[in-house]
Every structure is written in C-alpha cells, then in structure tokens.
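S.K.: Before anything else, here's the structure in question.
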Amino acid sequence: MKISTKTGDLGKTSLMFGRRVSKASERTEAYGTVDEFSSTIGLARAFCQDADLNKLLETIQLALVKLMTELATSNEDFSKLVEKSIPLLEETDLSFIEGKIDAYEKSGVCFNGWIQPCSNPCAATLSLARAQTRRAERRVVILKEKNMLSRDLPLIYLNRLSDLIWLISAKLG
C-alpha cells in the first residue's frame, strides 16, 4: 500500500470502510488527537528506564490503536468492525486501567493538587500526554453530543486513562 495516494490533497480523508470526510471533521479531530497522544506516550517510553512502566505504556498504546479504529469508523459502518472481527476497545481494557489506578493509589500516589512534573524527561512527557488525553476526551465528547459515537466505552476509557497517566507522572516526578 502506498502512503502517498494524493486523495487527500484537497482536504478530504477516508474513514474506515471508505467514507470520505473533511480532514477538519469532528471525527478526524478525535482520532487525530488520540494519535498525537499515542505518539507522546511513545516519546515517554523512549525516556523510560523502568521495564515494567515501559510495558504498561506499550499496553496503553496497543489499546489506543483499537480506540482510533473505532473513532475512525462512522456509526453507519460500526457493525462492519464486528463483522470483520476487527479488534475494538473492550471492557477488559478499561478494567486493566482501573486496576492500575487502584494499584498506584494503594502505593500512596493520590491526587492532592496539580503538579508540574519536570524532575525527569519521562515524567514531563507523561504530563504532556495527560493533557493530550484530556483534549482527546473533549473531542470524543463532541462526537457523543452529536450522536456520532457508537458507544460510550471510548469516552469512559479516555477519562480513566487521563487519571492513570496523571498518577504515573506524579509518581515519577
């Protein structure tokens, strides 16, 4: 598959299953913001010296691929994802995040006000990622408010994920 198709030269892009939309549409804004967030998680992983944390961040990135797939699919085509057995975000992805939140809080990390992490590059990068997660969440809220979200799980997942990213960043720095 060629990367340069020239089909987007005039500001349109294809969603999953070929529907054409503006590159500035609410849907492309939503999955594009998740893509930015995932890239920032990748940068944090490059700075990360802890193998367990690196694995956790990789697991998050893999879930974000499923999330982007769902966000890049119109409601009309959502059933095709299921028909073709394309991996989607699952309740187990959410449970995984919630379990990690519980573990961090049990270890003594808890919210006690806004922080300015800068003690190390990984913590600072994760702080940026948390802010991007909140922006992605706002973009997905727009989809929900316009009845463009097929189910609520993506929104719930992003809300929990931003909490986890905050906890990780706080613990690091």
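Bear in mind that the values in this text are calculations on the coordinates, not laboratory data. Model, not experiment: these values are computed from the prediction. With ideal geometry, Cβ positions are generated from the backbone for all residues, glycine too; neighbour counts draw on all protein chains shown.
S.K.: Note the per residue figure in Å³ for the convex hull of the C-alpha positions in the chain.
M.R.: Looking at the chain, the number lands at 135 Å³ per residue.
S.K.: Here is a follow-up. Tell me which residues come under 5 Å, amide H to amide H, from LYS12 once H is placed; ignore anything under 5 positions away on its chain.
M.R.: Placed amide hydrogens put LYS23 under 5 Å from LYS12.
S.K.: Here's something else I'd like to know. Please report the orientation-averaged projected area of the range 10-95, defined via the convex hull of its C-alpha atoms, in nm².
M.R.: 6.7 nm²
S.K.: Show me 153-162, 81-90 ranked by packing, highest mean number of other Cβ atoms within 10 Å first. Can you show the working numbers first?
M.R.: On the way: 153-162: 21.3, 81-90: 13.1.
So the peptides 153-162, 81-90, ranked by packing, come out 153-162, 81-90.
S.K.: So what is the calculated 222 nm ellipticity per residue for the chain, using -39500 (n - 2.57) for each DSSP H run with n of 4 or more, over all residues, to the nearest 500 deg cm²/dmol?
M.R.: Taking each H run of at least 4 residues, the total per residue is -21500 deg cm²/dmol.
S.K.: Next up: How many lysine pairs are close in the chain, with Cα atoms under 13 Å apart and the two 8 or more places apart or on different chains?
M.R.: Lysine pair count for the chain: 4.
S.K.: Okay, next question. Which whole-Hz ³J(HN,Hα) couplings does the range 26-40 yield from phi under the Karplus relation 6.51 cos²θ - 1.76 cosθ + 1.60, θ = phi - 60°, glycine and proline marked x?
M.R.: Each residue of the range 26-40 in turn: 4, 5, 5, 4, 5, 6, x, 5, 5, 4, 4, 4, 4, 5, 5 Hz.
S.K.: Give the angle, between 0 and 90 degrees and rounded to the nearest 10, that separates the Cα long axis of helix 91-106 from the longest principal axis of the Cα atoms of the chain.
M.R.: Roughly 20 degrees, rounded to the nearest 10.
S.K.: Pop a pseudo-label 7 angstrom from the Cα along the beta-carbon direction at both SER39 and ASN120 and give the gap in nm to one decimal.
M.R.: Going by the 7 Å Cα→Cβ label model, 2.6 nm.
S.K.: Within the set of other residues whose C-beta is less than 14 Å from the C-beta of ASN120, count the net charge using Lys and Arg as +1 and Asp and Glu as -1.
M.R.: Cβ neighbours under 14 Å give a net charge of +1.
S.K.: With charges set only on the Cβ (+1 for Lys and Arg, -1 for Asp and Glu), what does the dipole of the chain come to about its Cα centre, in debye to the nearest 20? Before the final figure, lay out the partial values.
M.R.: Working: 24 positive and 22 negative charges, 125 e Å.
That gives the chain a dipole magnitude of about 600 debye.
S.K.: Residues with beta-carbon under 10 Å from that of VAL21, excluding VAL21: net charge, scoring Lys, Arg +1 and Asp, Glu -1?
M.R.: Working: positive: LYS12, ARG19, ARG20, LYS23, ARG27; negative: GLU26.
My count for the surroundings of VAL21 gives +4.
S.K.: Provide the per-residue ³J(HN,Hα) series for the range 137-149, in order, calculated from phi with Karplus coefficients 6.51, -1.76, 1.60 and θ = phi - 60°, each as a whole number of Hz, with x at glycine and proline positions.
M.R.: 4, 4, 5, 6, 4, 4, 4, 4, 5, 9, 6, 10, 10
S.K.: Follow-up. Neighbouring Cβ atoms within 10 Å as the yardstick, rank CYS122, CYS110 fewest first.
M.R.: Taking fewest neighbouring Cβ atoms as first place, the list is CYS110, CYS122.
S.K.: Note down the relative contact order for the chain as a percent, whole number, built from C-alpha pairs under 8 angstrom at least six residues apart.
M.R.: RCO, the chain: 28 percent.
S.K.: What are the ³J(HN,Hα) couplings of the range 153-167, residue after residue, when phi is run through the Karplus curve with 6.51, -1.76, 1.60 and θ = phi - 60°? Round to Hz, x for glycine and proline.
M.R.: Each residue's phi maps through the Karplus curve to give 3, x, 5, 4, 4, 5, 4, 5, 5, 5, 5, 4, 4, 4, 4 Hz.
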